[in-house]
Amino acid sequence: MRIKSGLSSIFENSRRWFIFTLVILAIGIGWAFASRSTINATHIEMPQSSPKEGFTAPDFTSDLMGGGQVTLTALRGKVVLVNLWASWCPPCRAEMPAIEKAYRAFKPQGFEVLAVNATNQDSETAATTFIKELDLTFPIPLDPNGEVSTQYGLRGLPSSFIIDRKGIIRSVVVGPMSEALLQSKVEELLKEPQ
Amino acid sequence: MLPYLSIGPLLLQTTGLALLLGVWFGSWFAEKEAARIKIKSDLVSNLIFIGLVSGLVGARLTYAATYINAYLANPLSLFEINTHSLSPIGGLIFGTLAAFIYGQRQGLKLRPALDALAPGLAVFMIFLGLAHLLNGDAYGATTRLPWAILLAGDYRHPTQVYEILLATGVMLIAVYYQLGQRGNGINFLWVVFLSAAARVFLEAFRGDSMILLGGFRAAQVIGLLVMAGSLILMRTWAQLPANAPESKI
């Protein structure tokens, strides 16, 4: 069904078109005014924590491989990469050298890596061998009960959450990251003020 | 939300799948419309294909140019299969430019070509909403309305569902209530206008809006400008004959 609409005639008459345009835009501006945000921020704040871009990164405290503990919120003010991995996962193995390189390059500027081992689906011994083999120097929190994996809604390994200095997740990457991708994301966030 | 589908060892990204389906169905609708406007349908499908491929290449190159040091040190990263290292603006510019050059070389006229693409664009917008729904993107503001959905730790407006419904409405209007004569470009502008109006309406319920001075939502301001531009261009094009020589791309 094709209708030659009455609307089309509006565009052939200057006066009608002008009035129509004015009314439509006035309605639009009125709606935009009525629905403007009352929150004084560049984005509508999302105080809840959720493993999604734009939300506060879920906090966790974990034991570190080799001793000690780490709490994510204690790293506020730094750009943090939370990377979930397992030693049996080939893509995890593939991206680790890139993470190590970025860690060594950007640590002095405030970059931190928490490479959380999904210990509930790995073995600590295999993970330790993996770390030594690749000569990784960043902290390795352990997740023996899968709590961090659950908090971060783990769907596949590796999964990376790049968090800004305010604790907001800015990028979620499922699958291996290239060196350039990681470097570009970290560089961008390090430039932002605290 | 179902951002990934596990099929054995494979993890299928449903968002990408929804967008691919959108391109496929959109192209099919565009080809049908092209035949009605008396444009060879393979010209339109080539136009879409060239625009998409060039857009993807352009998006990656623009992103790489923005972080030139990272990519000079790792040039192979240019070929990475990842949507995180794409520049949407770069993709739009390169894609449009390549499609424009292709159209020019094939002697396609701008306004009939745009009209052929109009229903396809409207169909694609439905699948864009579906991609948002599957990935939980473009989420809504918190609400206690009975149809709220639990997303990211709170009950929210199902803005992705609103988006799909509005895009379906725009598509139905685009197909069954065409404003202009086929080939004069008005029908394309009609789809653009309606899509922009839908976004201005929808943005009020979003929870991830970028906020400008005075609390105005950026997407609404841009949407209003697009609406105004479409209305001005509709008036201009309505006064031109459908086969005006200056409309050749």
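The values are calculated or read from the model by the stated rules, or taken from the named source; none is laboratory data. This is a predicted model, so every value here is computed, not measured. Here the Cβ is made from the backbone with ideal geometry for all residues, glycine too, and neighbour counts use every protein chain on show.
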(message) For the stretch B:201-217, which positions are in contact with a helix residue (DSSP H, G or I) (Cβ under 7 Å, 6 or more places away or on another chain), more than 7 Å from chain A (Cβ to nearest Cβ) and over 24 Å from B:LEU150 (Cβ atoms)?
(response) B:LEU212
(request) Please go through the stretch B:2-18 and pick out each residue that is in a helix (DSSP H, G or I) and touching a helix residue (DSSP H, G or I) at 6+ places or on another chain (Cβ under 7 Å). (result) B:THR14, B:THR15, B:ALA18
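Quick one: would you say B:GLY26 is among the small types (Gly, Ala, Ser), away from chain A (no Cβ under 14 Å) and in a helix (DSSP H, G or I)?
yes
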(request) Among the numbered conditions (1) surrounded by fewer than 16 Cβ atoms within 10 Å (Cβ to Cβ); (2) assigned to a helix (DSSP H, G or I), tell me where B:VAL57 comes up short. (result) (1)
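Say whether the condition of being among the polar types (S, T, N, Q), closer than 23 Å to B:ALA18 by Cα, assigned to a helix (DSSP H, G or I) and more than 7 Å from every other protein chain (Cβ to nearest Cβ) is met by at least one residue in the stretch B:160-167.
yes
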(request) Collect the residues in the stretch B:123-159 that are within 12 Å of chain A (Cβ to nearest Cβ) and free of Cβ contacts under 8 Å to residues at least 12 places away in the same chain, keeping them in residue-number order. (result) B:LEU150, B:GLY153
(message) Being touching a Ser or Thr at 6+ places or on another chain (Cβ under 7 Å) and either assigned by TED's automatic domain parsing to the domain that holds B:GLY120 or in a helix (DSSP H, G or I) (or both) is the filter here; which residues of the stretch B:60-84 pass it?
(response) B:ARG60, B:THR62, B:TYR63, B:THR66, B:ALA70, B:TYR71, B:SER77, B:HIS84
(request) Tell me, yes or no, whether the stretch B:79-86 has at least one residue that is charged (D, E, K, R) and free of Cβ contacts under 8 Å to residues at least 60 places away in the same chain. (result) yes
(request) With the checklist (1) over 21 Å from A:PRO176 (Cβ atoms); (2) exposed (fewer than 13 other Cβ atoms within 10 Å of the Cβ) in hand, flag the one item A:ASP63 doesn't pass. (result) (2)
(request) Mind telling me which of the residues B:VAL170, B:VAL191, B:VAL226, B:VAL175 ends up being part of a helix (DSSP H, G or I), at the interface with chain A (Cβ under 10 Å from one of its Cβ atoms) and not aromatic (Phe, Trp, Tyr)? (result) B:VAL175
(request) Could you check the stretch A:94-191 for helices (runs of 4 or more DSSP H) lying wholly inside it with 3 or more residues that are surrounded by fewer than 15 Cβ atoms within 10 Å (Cβ to Cβ)? (result) A:124-134
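Can you go through A:ASP135, A:ASP164, A:ASP122, A:ASP143 and tell me which one is of a type in the set (D, E, K, R) and closer than 25 Å to B:ASP208 by Cα?
Going through A:ASP135, A:ASP164, A:ASP122, A:ASP143 in turn, just one is of a type in the set (D, E, K, R) and closer than 25 Å to B:ASP208 by Cα: A:ASP164.
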(request) Output the qualifying pairs, or none if there are none: Cβ atoms under 9 angstrom, residues six or more apart or on different chains, first residue in the stretch A:167-186 and more than 8 Å from chain B (Cβ to nearest Cβ) and without any contact (Cβ under 8 Å) to a residue 40 or more places away in the chain, second residue crowded, with 20+ Cβ neighbours inside 10 Å and in a strand (DSSP E or B). (result) none
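Yes/no per residue for (1) surrounded by 17 or more Cβ atoms within 10 Å (Cβ to Cβ); (2) within 26 Å of A:PRO176 (Cα to Cα); (3) within 14 Å of chain A (Cβ to nearest Cβ):
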position: B:ILE37; (1), (2), (3): yes, no, yes
position: B:VAL44; (1), (2), (3): yes, no, no
position: B:SER85; (1), (2), (3): yes, yes, yes
position: B:GLN104; (1), (2), (3): no, no, no
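Quick grid of which residues meet (1) at pLDDT 95 or above; (2) more than 23 Å from B:GLY207 (Cα to Cα):
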{"residue": "B:SER85", "(1), (2)": "no, yes"}
{"residue": "B:LEU92", "(1), (2)": "yes, yes"}
{"residue": "B:GLY107", "(1), (2)": "no, yes"}
{"residue": "B:MET125", "(1), (2)": "yes, no"}
{"residue": "B:LEU128", "(1), (2)": "yes, no"}
{"residue": "B:LEU134", "(1), (2)": "no, no"}
{"residue": "B:ASP137", "(1), (2)": "no, no"}
{"residue": "B:ARG144", "(1), (2)": "no, no"}
{"residue": "B:ILE149", "(1), (2)": "no, no"}
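Filter the stretch B:203-215 down to residues that are within 16 Å of A:ILE29 (Cβ to Cβ) and modelled with pLDDT of 95 or more and give me whichever is surrounded by the most Cβ atoms within 10 Å (Cβ to Cβ).
Among those residues, the one meeting the criterion is B:GLU203.
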(request) Report whether or not A:TRP31 is assigned to a helix (DSSP H, G or I), of a type in the set (Phe, Trp, Tyr) and closer than 30 Å to B:ARG156 by Cα. (result) yes
(request) Would you check if B:ARG182 is more than 20 Å from the chain's Cα centre (by Cα), closer than 15 Å to B:ALA30 by Cβ and of a type outside the set (A, V, I, L, M, F, W, C)? (result) yes
(request) Can you confirm whether the stretch B:167-179 contains a residue that is surrounded by fewer than 21 Cβ atoms within 10 Å (Cβ to Cβ), more than 27 Å from A:ARG16 (Cβ to Cβ) and touching a helix residue (DSSP H, G or I) at 6+ places or on another chain (Cβ under 9 Å)? (result) yes
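From A:THR38, A:THR42, A:THR56, which residue is hydroxyl-bearing (Ser, Thr, Tyr), buried (at least 16 other Cβ atoms within 10 Å of the Cβ) and either in contact with a helix residue (DSSP H, G or I) (Cβ under 6 Å, 6 or more places away or on another chain) or at pLDDT below 95 (or both)?
Result of the check over A:THR38, A:THR42, A:THR56: A:THR56.
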(request) Among the residues of the stretch B:106-139, write down those that are buried (at least 24 other Cβ atoms within 10 Å of the Cβ) and charged (D, E, K, R). (result) B:ARG111, B:ASP115
(request) Report yes if some residue within the stretch A:150-160 is among the basic types (Lys, Arg) and more than 18 Å from A:GLU95 (Cβ to Cβ); otherwise report no. (result) no
